Amino acid sequence: MTPAKFKQVANAQIKMCKEVLEAREQRYADDDDRLYNFKQAAYLNVALPEDSLWGMVSKQIVALSTEIRRADYREAISVEDATEYITDIINYMLLLRGLIVEANE
C-alpha cells in the first residue's frame, strides 16, 4: 500500500471513530459524565472503571482475532467486518485514555 493510500485509509478510520463516538454518546453516557457506563459497570463488579472497560474491549479483540484466524481457512476477513471491530477497539482505547486522564486529575 502506498503512503498516500494508507493516509487515506487512516483518515477515513479516524473520521469513522469520531462519528461512532458521537453517535453512541447519548446512549452510553449520562448528561454529565461521558464515562458513566464504565463507572457503573465497575460499581456492579466491585472493580475499577478501567477494569470494566478492559473487559468490554477484550471481547472485541477476541472477536476480531477469531475472525482473522477463520479467514486463514477461507477468504480474507471483509473490510466491513474488520472496520467495525477496529473502530470499536480504537474507541475503547480513547475512552480508556479518558478514564486514565480523569483518574490523574
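Here are the numbers for the structure shown:
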{"read-out": "Boolean, Gln13 is at pLDDT 95 or above and not hydroxyl-bearing (Ser, Thr, Tyr)", "value": "yes"}
{"read-out": "Enumeration of residues in segment 27-84 that are of a type in the set (Ser, Thr, Tyr) and over 17 Å from the mean Cα position of the chain (by Cα)", "value": "Tyr43, Tyr73, Ser78"}
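The values are calculated or read from the model by the stated rules, or taken from the named source; none is laboratory data. Since the model is a prediction, treat every value here as computed from it, not as a measurement.
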